[in-house]
Amino acid sequence: MKRGKLVSVGLFVLAAVAMPATAKAQYVFLGGGASIPNGDFKDEAKTGWMAQAGVGYDIAAVKGLWVEAEGFYGSNKHKAPDDGDKTNLFAGIAALGYSFTPDSKVSPYVLAGAGILNHKFVPATGTSESESKFAYSGAVGIGYNASSSVHVWLEGRVLGSKSSRVIPISLGFTYNFSKKAM
């Protein structure tokens with residue numbers, strides 16, 4: 001992906017998170033944790049880190065159903081003999097989620113989505129290489145309503161494309177603008 005496209009996608013995600021009142025978003029979220037390489041990617045990469053942010057909306061017609069736009073950024077260093085190299089991953093995903101017991105203090109949930117994943121190989125020496133591919137994502141998690149507007153969650157996810165697949169394990173929080181428990 002060219003730098004201009006990457007910057008455009010990044011600005012779009014930032015705008016979606018920064019302007020929730022204008023977009024009538026019900027909530028914004030931030031999270032982060034470990035990025036465990038999977039598939040062929042695990043042969044060259046070590047466990048790294050990943051952060052995520054996004055904005056979401058409850059679908060009123062079905063209790064517990066929501067849609068969200070999320071952005072991910074993470075980095076995995078490589079194993080020997082290429083241990084000076086690393087891979088940075090950037091993804092933009094549109095997702096659909098379902099909370100099984102949305103009115104409970106603790107609620108398990110599932111999520112599935114699709115979007116774009118940019119895989120940027122950064123060698124210790126030389127020129128970096130980058131490619132963007134169709135991405136898929138699926139997650140299972142558990143959420144806890146800490147207050148009427150703050151929701152804490154822990155999730156395991158698969159995030160991948162043809163060139164890269166990772167399993168992010170994330171801890172995060174959601175701030176709900178509608179002032180009711182999610």
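Set the Förster radius R0 to 30 Å, insert the Cβ-Cβ distance between residue 148 and residue 94 as r into 1/(1 + (r/R0)^6), and round the FRET efficiency to 0.05.
Efficiency, rounded to the nearest 0.05: 0.65.
Suppose R0 equals 35 Å; then what is the FRET efficiency for residue 129 and residue 177 from their Cβ-Cβ distance, rounded to the nearest 0.05?
Values: r = 41 Å, r/R0 = 1.16.
Approximately 0.30, to the nearest 0.05.
Describe numerically, in nm with one decimal, the distance between label points set 7 Å from Cα along Cα→Cβ at residue 162 and at residue 82.
Taking the two extended label points, one gets 1.8 nm.
Based on other C-beta atoms within 10 Å, arrange 89, 111 from fewest to most.
Ordered by Cβ neighbours within 10 Å, fewest first: 111, 89.
DSSP loop chymotrypsin sites (Phe, Trp or Tyr not before Pro) in segment 71-116 with at most 15 other Cβ atoms within 10 Å of their Cβ, which ones? Don't skip to the answer; put the middle values down first.
Numbers: sites: 72, 73, 90, 98, 100, 109; in loops: 100.
Sparse-neighbourhood loop chymotrypsin sites (Phe, Trp or Tyr not before Pro): 100.
Quick one: if the Förster radius is 22 Å, what FRET efficiency do residue 116 and residue 40 give, using the C-beta to C-beta distance and rounding to 0.05?
Step by step, r from the Cβ atoms, then E = 0.65.
With a sphere of radius 12 Å drawn around the Cβ of residue 53, what net charge do the other residues whose Cβ falls strictly inside it have (Lys, Arg +1; Asp, Glu -1)?
-2
Under 5 Å between amide hydrogens, which residues at least 5 positions from residue 135 or on another chain qualify, with H placed 1.01 Å from N in the peptide plane?
115, 116, 117
Bear in mind that the values in this text are calculations on the coordinates, not laboratory data. On a predicted model such as this, the values are computed, not experimentally measured, just so you know. Positions of Cβ are backbone-derived with ideal geometry, glycine not excepted, and every protein chain shown enters the neighbour counts.
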